[in-house]
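Everything below concerns the one structure shown next.
The values are calculated or read from the model by the stated rules, or taken from the named source; none is laboratory data. This is a predicted model, so every value here is computed, not measured. Reconstructed Cβ throughout: ideal geometry from the backbone, glycine too, with neighbour counts over all protein chains shown.
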Amino acid sequence: MNLSWGDFILFSRQRKFAKWAAGFQNSPAYERALTWLCYRGPTLLLTLAIGVLFVAGWYLAKVSGNRECHAAKEMIATSALASCGLVVLSFFACMPGLGWLMFTPQYRQFHQATRFHFQAEKPPGLLYVTDGGVQDCTGIVQLLRRRCERILLALAAADPRDELGVLRTALDVAVSEKLASFYDPEEPRRDVRVALEEYARDRSITCLHIGVHYGWGSTQGGESTTGMLLVVKNRLPPSFEKLPVEPLLTEEEVARTSSWGSRKAEDCEACSGLNVSDLGGLGCCDCCHRKGCNCGGKFPHLTGANYLWLTPQLFSSLCRLGHEVSLEASERLAG
């Protein structure tokens, strides 16, 4: 499970009480505070009591004589057993009266580390949602289950060498689940891995076409259908490597296809003298590209920080690149 990118979504019914109580104040902040108190209050009170008992026992052991030493040990042991007991009980949060234990962040992290899965007739109050990146972060496996005739994948993974590891993993998952098999439409007798290698070698290819044969022999029953998977990737064709940086994208260019790319590179004052492949990913604004801060991974394979922000010029250049490399895929989809 991806522990860094996901988060918990609240589905518990107790939220209705918080909304009702917050209605008297008509304040979203008050509602959030009440919601937090409803879910976290019981665990916080117990944790506070255990902490006070532990500190009291520790203090008693330090300042008392031999008479109270036994009592201090019992207090510390009781607090330790109570802490362990709450952790154990958190695995049984599906039972009546223990549902409040699932809302404690420390217990949830421990459940994730031990790969514990909640199972009960009633759904849990929290649901962990992530991008599913362990197996398929492209989403095509779900579309293959629906036997879609045409699938367009905009692949923006960090893959500067075009190894296509994310795509290969998704195809392997589909094959292991016997959803479909894949082939090269140009030569159906050839394995799809040959087409993937040719795509990696020839950077002038803007669209990777993969044939899909749904079903798995006679085990699925019924007639198998075929489909196509079109892959468009964020990579620079050879003709774009020496392309000067163009002006920022305008609303007119987006609204009118005829005016797309009609502006000249000389109109771009912020990045004059730079090629598209020279744009670095660590800048915070367009002036960073021409004032000594044009560092980091180069366009279009940038840095991890660009998951959080993009300069206007990087965003505009990505849009222009996507428009150009998706033309062939759009024509095939329309045809």
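Remarks
- Filter result (under 16 Å from the mean Cα position of the chain (by Cα), assigned to a helix (DSSP H, G or I) and either outside the structural domain of residue 213 (by the TED database) or free of Cβ contacts under 8 Å to residues at least 40 places away in the same chain (or both)) within the range 143-168: 166
- Selected residue (criterion: farthest from residue 78 (Cα to Cα)) from residues of the range 16-42 that are at pLDDT 80 or above and within 30 Å of the chain's Cα centre (by Cα): 39
- Residues (farther than 13 Å from residue 104 by Cα, of a type outside the set (S, T, N, Q) and in contact with a helix residue (DSSP H, G or I) (Cβ under 8 Å, 6 or more places away or on another chain)) located in the range 34-48: 34
- Residue within the range 91-111 that is part of a loop (DSSP other than H, G, I, E, B), aliphatic (A, V, I, L, M), out of contact with any Ser or Thr (no Cβ under 6 Å at 6 or more places or on another chain) and touching a residue at least 60 places away in the same chain (Cβ under 8 Å) present: no
- Considering (1) under 30 Å from residue 43 (Cα atoms); (2) more than 23 Å from the chain's Cα centre (by Cα); (3) surrounded by 12 or more Cβ atoms within 10 Å (Cβ to Cβ), the lone condition that residue 130 does not fulfil carries the number (2).
- Filtered by the rule that a residue be small (Gly, Ala, Ser) and touching a strand residue (DSSP E or B) at 6+ places or on another chain (Cβ under 8 Å), the range 168-192 gives 174, 180, 181.
- Considering each residue of the range 115-137 in turn, none proves to be assigned to a helix (DSSP H, G or I), at pLDDT 80 or above and of a type outside the set (Ser, Thr, Tyr).
- Selected residue (criterion: surrounded by the most Cβ atoms within 10 Å (Cβ to Cβ)) from residues of the range 299-312 that are more than 20 Å from residue 247 (Cβ to Cβ) and not aliphatic (A, V, I, L, M): 306
- Among the residues listed as 139, 125, the single one being on the phi > 0 side of the Ramachandran plot and surrounded by 11 or more Cβ atoms within 10 Å (Cβ to Cβ): 139
- All positions within the range 135-153 that are out of contact with any helix residue (DSSP H, G or I) (no Cβ under 7 Å at 6 or more places or on another chain) and among the aliphatic types (A, V, I, L, M): 143
- The single condition among (1) modelled with pLDDT under 90; (2) more than 25 Å from residue 300 (Cα to Cα); (3) in contact with a Leu (Cβ under 9 Å, 6 or more places away or on another chain) that residue 236 does not meet is (2).
- Within the set 72, 120, the sole residue that is more than 30 Å from residue 171 (Cα to Cα), touching a Cys at 6+ places or on another chain (Cβ under 6 Å) and either surrounded by 13 or more Cβ atoms within 10 Å (Cβ to Cβ) or not assigned by the TED database to the domain that holds residue 172 (or both) turns out to be 120.
- Of all residues in the range 170-202, those satisfying the criterion of being in contact with an Asp or Glu (Cβ under 8 Å, 6 or more places away or on another chain) and in a helix (DSSP H, G or I) are 170, 173, 192, 194, 195, 199, 200.
- Test: residue in the range 214-224 that is hydroxyl-bearing (Ser, Thr, Tyr) and farther than 23 Å from residue 333 by Cβ: yes
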